[in-house]
Structure formats: structure tokens, C-alpha cells
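The values are calculated or read from the model by the stated rules, or taken from the named source; none is laboratory data. The model shown is predicted, which means the values in this text are computed figures rather than measured ones. Cβ placement follows ideal geometry from the backbone for every residue including glycine, while neighbour counts extend to all protein chains displayed. SASA here: full protein model, heavy atoms, side chains in, ligands and nucleic acids out. Shrake-Rupley method; radii C 1.70, N 1.55, O 1.52, S 1.80 Å.
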Amino acid sequence: EPSHNPQTGGTHCSRGSGFWPVYEARGRLSRVALLFNKRLGIGDWKVEQVDDCIQVAQVQTPQGPVQLVNVYVVAEGGRVTLGSNSALRKVLELFDEGVECMLLGDFNLHHPSWGGQRVQRADEAARELIDMTTQRGLCLATSQGATTWRGGRSQGTTIDLTFLTPGLYNHLVRC
């Protein structure tokens, strides 16, 4: 697990961690970071920092290219609103057609499809995420009810999600 580096304001992995942290601070904290296993050749992947809430990576694998879209959806006052500037709206335009894809990140959205029975009320924006991922043919890889965030008195919630194209989903070992 990476830690926060107070000098750079970013993600830090010790030299022996086996991972390269990839992010761009752009004068303030980046809200997304990817960790690449050091066993991957440094020339096998490239990352574009779209803004402080979105990264897009292209990874070359023996089976062909894979696109990773890493997103942080801002929750203002505990609610996600989907204005035209929302990271969730922007990711629609970032997918490459015909390439295996992984959409992952902190979506800050609650829905029984991923949160299970502990979700008392689904967020409106969650329905849009479901529609968007269904339209793109993406499959939810995060286990229903998996605790991905716990804070304060919270019993835990599922807000960090991973969606995969069927070609990747069919080879999934665990998520």
C-alpha cells in the first residue's frame, strides 16, 4: 500500500515496494494515482493525466493493448452531482473503441448493485454510471458488498469500483 509523501504532495512507494507510482500533481494534489508493477517494462505503459481527477493509461500486454481509465468523482457535501464538468461525464469520451478496457476509481456513489443490502438509498448518479457502463459493455468486477472504504462510525461502504470489458472480465482471477 502506498503512503502520502508530504514533500511532493503525492503518492510514495518505497524502493523495495515493487511498484512505480504514477501521478502528476500539476501544482496541487492529484486525486488519482496508478501503481505499475516493476516487472512490467517501463516502455510497456504510458499514462496521460487528463486532469487532477482522471488518468488514462495504455498498457501493452502479450495479448494486445489494454486501456485503464482511473477516475475520482468529487462528492460535494456528500453528494455527487453530474454537471458537464464532472469526471464521470468526461470518461465517456476517453474510451478507445476495440481495445480491452478497465474503468476504475473512487466513484463516491452508492447502489445495491455494488453495495449490496447495506445500501439504504441509491444515488441518482449511480444509475447514470450503470447506464454508462452497460452502454460500453463493461462488467462490474468489484464484489457486491465488498468494503472499499471505512471511516468514522461507518460500517464500511463500496465506493471504489472496477469495471472491465468482457475480454478482461473472463480472465479475472480476483478483484
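Among the trypsin sites (Lys or Arg not before Pro) in segment 113-175, those placed in a DSSP loop whose Cβ has at most 12 other Cβ atoms within 10 Å are Arg121, Arg150, Arg153, Arg174.
Using the Cβ-Cβ distance between Arg127 and Trp149 with R0 set to 30 Å, the FRET efficiency works out to roughly 0.90. Excluding ligands, DNA and RNA, the accessible surface per residue across the chain is 60 Å² with a 1.4 Å probe.
Give me the percent relative contact order of segment 103-175, please, defined on Cα pairs under 8 angstrom at least 6 residues apart.
Working: 105 pairs, mean separation 27.5, N = 73.
Value for segment 103-175: 38 percent.
Roughly speaking, to the nearest percent, how much of the chain's 1.4 Å accessible area is carbon and sulfur?
Values: 5130 of 10550 Å².
Carbon and sulfur atoms account for 49 percent of the accessible area of the chain.
Only DSSP H runs of four or more residues enter the estimate; each adds -39500 (n - 2.57), and after division by the residues of the chain the mean residue ellipticity at 222 nm equals -3000 deg cm²/dmol.
If we count every other residue with Cβ under 14 angstrom of Gly145's Cβ, Lys/Arg +1 and Asp/Glu -1, where does the sum land?
Details: positive: Arg118, Arg150; negative: Asp160.
After counting each charged neighbour, the total is +1.
Largest first, the three principal axis extents of the alpha carbons in segment 32-175 are 44, 33, 30 Å in whole numbers.
Each Cα pair under 8 Å and six or more residues apart adds its separation to the average, and for the chain the resulting relative contact order is 14 percent.
May I ask for the equivalent-ellipsoid semi-axes of segment 82-133, computed as the square root of five times each C-alpha gyration tensor eigenvalue and listed largest first in whole Å? Working shown, then result.
Working: eigenvalues 101, 38, 14 Å².
Rounded to whole Å, the semi-axes are 22, 14, 8.
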